[in-house]
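Everything on this sheet refers to the single structure shown next.
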Amino acid sequence: MSVKLNVALLSGKTTSVQAELDDTVEAVKIRAQAALGVGNGRLVNSYGNVVDGCSTIGDARLHDGDSLTLHIKGVQVQANRGAFAAILGDGSVVTWGNPACGGDRSAVQDQLKNVQQIQATAGAFAAILGDGSVVTWGVAREGGDSRTFQDKLKNVQHIQASRHAFAAIRGDGSVVTWGRADMWAPEYGGYGSAVQDQLTNVLQIQATDSAFAAILRDGSVVTWGDPADGGDSTSVQDQLKNVQHIQACPHAFAAILGDGSVVTWGEADLGGDSRAVQDRLKNVQQIQATDSAFAAILRDGSVVTWGNPAHGGDSTTVQDQLKNVQQIHAGSYAFAAILGDGSVVSWGSAMYGADSSAVQAHLKNVQQIQACGRAFAAILADGSVVTWGHASYGGNSSAVQDQLKNVQQIHFCLGRFGGAFAAVRGDGSVVTWGAADYGGESSAVQEHLRNVRQIQSSYGACAALWENFDLSFMVLTEVAILLQFLMMEFS
């Protein structure tokens with residue numbers, strides 16, 4: 001049986017690839033790269049997870065018509081509560097920020113070569129190298145010290161992070177976890193010892209703030225960590241069969257089963273209890289989450305929501321408008337849906353992005369939406385941009401509106417007390433707006449923001465990827481020095 005997969009670049013350029021179920025994801029990626037005329041990258045599914053290249057199409061649970069995004073390798077930036085780590089094009093790593101949180105990599109610098117992926121807890125980083133080994137640094141009890149587990153951290157394919165712990169999937173489908181090793185370790189998912197014998201043939205792991213959920217090859221699910229945040233799934237374990245995808249908000253999980261139904265668990269009031277809408281959760285195609293609510297798109301284009309009513313869990317006021325929904329995007333406290341005609345419907349907290357009435361007349365032919373905590377930014381078909389929501393998070397773009405033309409991509413930079421957007425235009429220039437302390441003011445580096453190919457966003461600042469990789473290290477270092485003064489999370 002063959003399936004057709006749609007593969008898109010961040011620029012919007014798309015191709016379709018035909019594949020058999022026993023073809024590897026790597027083979028599909030190679031065909032897509034050739035068709036799109038780009039270099040090596042990685043495939044990311046609609047939930048933001050990197051799809052393992054060694055998996056077959058069947059094992060990766062990819063279906064006919066599924067959409068994937070091809071992320072071209074270049075500088076990749078990851079962040080935690082006080083530091084940044086960037087993978088450069090040559091596989092080396094640059095870090096900056098709070099030394100205790102991983103801004104100082106000197107102790108492991110000689111090991112950070114041929115780095116493929118970096119994940120972050122609140123205070124530490126974990127890097128997967130080309131040979132499948134792992135290097136960690138930062139706060140020891142939050143995953144920065146993995147010495148006890150180094151003999152097990154081999155042939156690692158993917159790492160997932162909760163707030164205080166890491167979980168690594170190895171090539172044989174087993175899992176290694178490390179992190180919070182004090183008296184609260186079970187609550188933070190630091191050790192999966194209680195379920196270790198069940199963690200075999202693992203395909204995917206998702207995380208809430210303090211718990212993990214692993215999908216096994218047979219479609220069952222294993223969970224561990226803080227029971228309140230989804231670490232205990234015993235009440236729904238008999239329902240967790242033939243699971244295709246899991247979505248997480250900070251305190252709850254939502255699993256889509258093979259028949260399109262949904263199973264939820266975790267903090268009941270924050271998305272973990274979907275009983276009130278269970279009879280409507282059929283033929284679910286996709287789920288998105290705010291900080292405490294979920295929204296599911298059904299096959300007929302309608303939407304079902306549950307969780308904290310104030311944060312998008314209650315969509316009754318807009319339910320009659322939620323028809324032919326194509327995409328849903330989630331901020332911290334609100335959702336925004338793009339309909340088939342290019343219009344937008346938003347709901348949740350009015351102060352933080354749910355109220356788009358002031359710009360509704362302009363929200364036509366919307367192609368993409370990006371959320372930044374408490375604000376949204378939409379790219380229209382003509383390349384212009386419409387924003388709404390909290391001004392401190394980029395909801396007001398009036399100061400740069402005349403520059404927002406021919407926009408190809410928008411990325412966000414989110415901090416604890418504000419946020420900003422960065423838009424890449426067709427000529428490779430960049431326009432930023434929002435809170436200055438979180439990347440909204442880029443005048444100091446504007447002369448360098450030329451021929452930008454992509455922007456990576458992180459918790460508190462942005463880093464740009466230039467076409468000229470010979471200059472990228474020098475420019476990134478200059479931006480890093482600037483960002484050290486801008487970051488507010490160091491204290």
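Could you tell me which of the residues A296, A361, A381 is among the aliphatic types (A, V, I, L, M) and either over 26 Å from G426 (Cα atoms) or surrounded by 17 or more Cβ atoms within 10 Å (Cβ to Cβ) (or both)?
A296
Which residues, counting only those in segment 331-377, are farther than 18 Å from F417 by Cα, assigned to a strand (DSSP E or B) and of a type in the set (A, V, I, L, M, F, W, C)?
F335, A336, A337, I338, L339, V344, V345, W347, V366, I369, A377
Considering only segment 47-69, how many residues are within 14 Å of the chain's Cα centre (by Cα) and surrounded by 15 or more Cβ atoms within 10 Å (Cβ to Cβ)?
Total satisfying the criteria: 6.
Let's see how each residue does on (1) at pLDDT 90 or above; (2) outside any helix (DSSP H, G or I); (3) out of contact with any helix residue (DSSP H, G or I) (no Cβ under 6 Å at 6 or more places or on another chain); (4) over 25 Å from D209 (Cβ atoms):
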| position | (1), (2), (3), (4) |
| --- | --- |
| A32 | yes, no, yes, yes |
| S46 | no, yes, yes, no |
| Q78 | no, yes, yes, no |
| A85 | no, yes, yes, no |
| G91 | no, yes, yes, yes |
| A100 | no, no, yes, no |
| G103 | no, yes, yes, no |
| F125 | yes, yes, yes, no |
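If a residue has to be polar (S, T, N, Q) and crowded, with 24+ Cβ neighbours inside 10 Å to count, how many in segment 248-272 make the cut?
Counting residues in segment 248-272 that are polar (S, T, N, Q) and crowded, with 24+ Cβ neighbours inside 10 Å gives 1.
Answer yes or no: is there a residue in segment 318-326 that is polar (S, T, N, Q), farther than 21 Å from G418 by Cα, part of a strand (DSSP E or B) and touching a Ser or Thr at 6+ places or on another chain (Cβ under 7 Å).
Checked segment 318-326: no residue is polar (S, T, N, Q), farther than 21 Å from G418 by Cα, part of a strand (DSSP E or B) and touching a Ser or Thr at 6+ places or on another chain (Cβ under 7 Å).
Filter segment 88-124 down to the residues that are free of Cβ contacts under 8 Å to residues at least 40 places away in the same chain and among the aliphatic types (A, V, I, L, M) and list them by number.
V93, A100, A107, V108, L112, V115
Please identify the pairs in which a residue from segment 128-141 that is assigned to a helix (DSSP H, G or I) has its Cβ atom under 8 Å from the Cβ atom of a residue that is not small (G, A, S), counting only partners at least 6 apart or on another chain.
Matching pairs, first to second residue: R141/H164; R141/R180; R141/D182.
Which of (1) over 22 Å from the mean Cα position of the chain (by Cα); (2) buried (at least 22 other Cβ atoms within 10 Å of the Cβ); (3) of a type in the set (V, I, T) is the odd one out, the single condition T317 does not satisfy?
(2)
Restricting attention to segment 224-280, report how many residues are among the charged types (D, E, K, R) and in a loop (DSSP other than H, G, I, E, B).
6
How many residues does segment 1-21 hold that are of a type in the set (D, E, K, R) and at pLDDT below 90?
Residues in segment 1-21 being of a type in the set (D, E, K, R) and at pLDDT below 90: 1 in total.
Residues checked against (1) under 30 Å from A161 (Cα atoms); (2) surrounded by 14 or more Cβ atoms within 10 Å (Cβ to Cβ):
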| position | (1), (2) |
| --- | --- |
| A8 | yes, yes |
| G12 | yes, no |
| T15 | no, yes |
| L21 | yes, yes |
| L36 | no, yes |
| L43 | yes, yes |
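The values are calculated or read from the model by the stated rules, or taken from the named source; none is laboratory data. Keep in mind that this is a model prediction, so the values were computed, not measured. Methodologically, a virtual Cβ is constructed for each residue, glycine included, from the backbone with ideal geometry; neighbour enumeration extends over all protein chains shown.
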